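> This is the structure I want to talk about, given as structure tokens.
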Amino acid sequence: MSHRPTSLGLLIALLAAATFGMSGAFVKPLLESGWSPVAAVTVRAAVGGLVLLPFALVAVRGRWAAVWRGRWRLLGMALVGVAGTQVLYFAAIQRIPVSTGILVEYLAPVLLVAVAWARSRRMPHAVVLAGSAVAVAGLVLVVSPGGAGALDPFGLLLAVTAMVGCAAFYVIAARPSDGLPPVALASGGLLIGALALAAVGATGLLPVTVSFSDVELFGRPTAWWVPIAVVGVLATAVAYASSITATEILGSRLASFVGLLEVVAATLYAWLLLGEQLSLLQLLGGLLILGGIALVRAEPAAASSAPTALAPGGRRGDGGGMDDTNDEDKSTIDVRLTGVRDPQDPDGLLTVEQDADRPDPARYGAPETDTLERERAYVARLGDDGSAEDLPQVPPKRGVTGLG
């Protein structure tokens with residue numbers, strides 16, 4: 001098996017985590033200068049979506065039908081992955097400590113494992129459970145939640161809902177693209193999400209304030225648009241596009257665990273750019289998260305469920321979708337394809353299980369390449385007095401015009 005797709009997906013996921021992690025260090029000076037969280041997130045999403053828009057238009061040129069087919073995926077990414085999760089998170093940290101809010105939200109990978117367990121009714125492989133425990137332990141050390149602030153029940157509920165939204169982001173990103181390029185999903189989701197956030201702000205449910213005064217960045221006064229540009233281009237446009245791309249390659253579970261490195265990256269940026277302290281326990285937590293990711297990635301392919309029948313081209317018969325219940329590493333699927341053409345569907349390949357169940361050629365004979373030729377051969381072998389019951393019954397091919 002080639003690990004190139006997974007290796008590429010991991011590299012892209014690392015890029016996503018590194019760029020997502022920039023947002024905190026560059027948004028914090030804006031918040032300190034008078035920007036409200038909703039205003040900062042709305043402008044961030046709008047800038048990111050506009051930066052990606054030219055690339056998205058080029059990617060979907062001539063494939064506008066794919067945009068229509070992916071309309072619900074676009075809306076889900078916008079309303080859940082972009083707007084909903086961030087609004088819920090910022091609403092939560094107004095009632096509970098920031099560290100607690102981050103810790104709860106980034107339990108999303110564990111939620112995905114639990115949902116897969118509940119839906120499939122099969123316990124995940126031991127290495128996945130171990131990786132989950134190790135990664136969560138590392139997350140606790142990195143975030144270092146303190147006892148400051150009251151744990152308001154409604155604030156915790158908002159944080160848990162944000163965690164569900166974070167998990168939904170990875171599930172939506174991992175769904176079959178059906179021709180919709182990742183950059184188009186990212187751009188459309190960000191732009192629609194920005195409109196949704198602006199609508200929420202207009203209702204007055206959350207305050208929306210901006211300030212055009214200089215902000216303190218790198219120890220000196222800096223124009224307000226500088227952190228907006230960095231966050232919009234790198235921490236939003238590049239981050240969302242790369243995260244969606246990586247999730248399509250890796251699947252929602254593995255991508256969500258790699259996404260935990262965003263917290264580590266944010267801590268490093270805060271240390272480098274804002275002068276915040278970085279403890280040895282936080283460094284140890286980062287190493288534990290890496291160890292947890294490695295354990296989840298090391299899950300044996302055999303631990304995944306048996307595959308369903310594949311349709312032409314190796315796609316699943318349900319329209320090409322990957323079942324997120326098991327969410328196996330998508331690079332392992334090609335191992336189950338034997339390279340033998342399906343006699344009932346020449347455009348598709350047999351899986352290992354299907355190949356094992358094929359009729360024995362020594363008993364049934366080798367199938368001809370065309371149904372009409374096969375029927376003519378039967379007639380020639382029968383002669384005038386023979387019976388069709390004397391010959392082996394070979395199922396006719398689908399999609400080939402001929403007798404039978």
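The values are calculated or read from the model by the stated rules, or taken from the named source; none is laboratory data. All values reported here derive from a predicted model rather than from experimental measurement. Cβ atoms come from the backbone with ideal geometry, glycine included; neighbour counts cover every protein chain shown. Just so you know, the surface numbers come from the protein's heavy atoms only, side chains and all, with ligands and any DNA or RNA stripped out. Shrake-Rupley method; radii C 1.70, N 1.55, O 1.52, S 1.80 Å.
> As an exercise: evaluate Val200 against (1) touching a Phe, Trp or Tyr at 6+ places or on another chain (Cβ under 9 Å); (2) within 26 Å of Trp68 (Cα to Cα); (3) modelled with pLDDT under 90 and give the number of the one condition it does not meet.
Going through the list (1) touching a Phe, Trp or Tyr at 6+ places or on another chain (Cβ under 9 Å); (2) within 26 Å of Trp68 (Cα to Cα); (3) modelled with pLDDT under 90, Val200 breaks only (1).
> Let me ask you something else. When you scan region 156-188, how many residues do you find that are over 25 Å from Val113 (Cβ atoms) and assigned to a helix (DSSP H, G or I)?
The total comes to 5.
> May I ask you to verify whether Val226 is without any contact (Cβ under 8 Å) to a residue 24 or more places away in the chain and either farther than 20 Å from Ala186 by Cα or not aromatic (Phe, Trp, Tyr) (or both)?
Criteria met by Val226.
> Let me confirm something: among Ile192, Ile172, which residue is open to solvent by 40 Å² or more (accessible area, probe 1.4 Å) and either closer than 13 Å to Val82 by Cβ or touching a residue at least 60 places away in the same chain (Cβ under 8 Å) (or both)?
Ile192 is the lone residue from the list that is open to solvent by 40 Å² or more (accessible area, probe 1.4 Å) and either closer than 13 Å to Val82 by Cβ or touching a residue at least 60 places away in the same chain (Cβ under 8 Å) (or both).
> Restricting to helices (runs of 4 or more DSSP H) lying wholly in region 1-110: which have 2 or more residues that are within 24 Å of Thr161 (Cβ to Cβ)?
4-20, 22-32, 37-59, 71-76, 85-92, 98-105
> What number of residues within region 31-43 satisfy the criterion of being closer than 21 Å to Ala237 by Cα and either open to solvent by 30 Å² or more (accessible area, probe 1.4 Å) or aliphatic (A, V, I, L, M) (or both)?
7
> Right, next: Which of the numbered conditions does Pro207 fail, given that it passes all the others? Conditions: (1) open to solvent by 50 Å² or more (accessible area, probe 1.4 Å); (2) within 16 Å of Gly24 (Cβ to Cβ).
So Pro207 meets the others, but not (2).
> Still on this model: Would you check which residues across region 46-102 are polar (S, T, N, Q) and either within 14 Å of Ser187 (Cβ to Cβ) or touching a Lys or Arg at 6+ places or on another chain (Cβ under 8 Å) (or both) and list them?
Of everything in region 46-102, nothing turns out to be polar (S, T, N, Q) and either within 14 Å of Ser187 (Cβ to Cβ) or touching a Lys or Arg at 6+ places or on another chain (Cβ under 8 Å) (or both).
> Among Val183, Val142, which is in contact (Cβ under 8 Å) with a residue 60 or more places away in the chain, in contact with a Leu (Cβ under 7 Å, 6 or more places away or on another chain), β-branched (Val, Ile, Thr) and within 21 Å of Thr19 (Cα to Cα)?
Of Val183, Val142, the one residue that is in contact (Cβ under 8 Å) with a residue 60 or more places away in the chain, in contact with a Leu (Cβ under 7 Å, 6 or more places away or on another chain), β-branched (Val, Ile, Thr) and within 21 Å of Thr19 (Cα to Cα) is Val183.
> I would also like to ask the following. Taking the condition of being part of a strand (DSSP E or B) and open to solvent by 40 Å² or more (accessible area, probe 1.4 Å), how many residues in region 210-239 meet it?
3
> Does region 254-264 contain any residue that is closer than 21 Å to Leu191 by Cα and of a type in the set (Asp, Glu)?
No, region 254-264 contains no residue that is closer than 21 Å to Leu191 by Cα and of a type in the set (Asp, Glu).
Conditions (1) over 12 Å from the mean Cα position of the chain (by Cα); (2) charged (D, E, K, R), marked per residue:
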position	(1), (2)
Asp178	yes, yes
Ala184	yes, no
Val208	yes, no
Glu216	yes, yes
Arg220	yes, yes
Val230	yes, no
Val238	yes, no
Ile244	no, no
Ala270	yes, no
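> Right, Arg220: out of contact with any helix residue (DSSP H, G or I) (no Cβ under 9 Å at 6 or more places or on another chain) and under 30 Å from Leu280 (Cα atoms) or not?
Yes.
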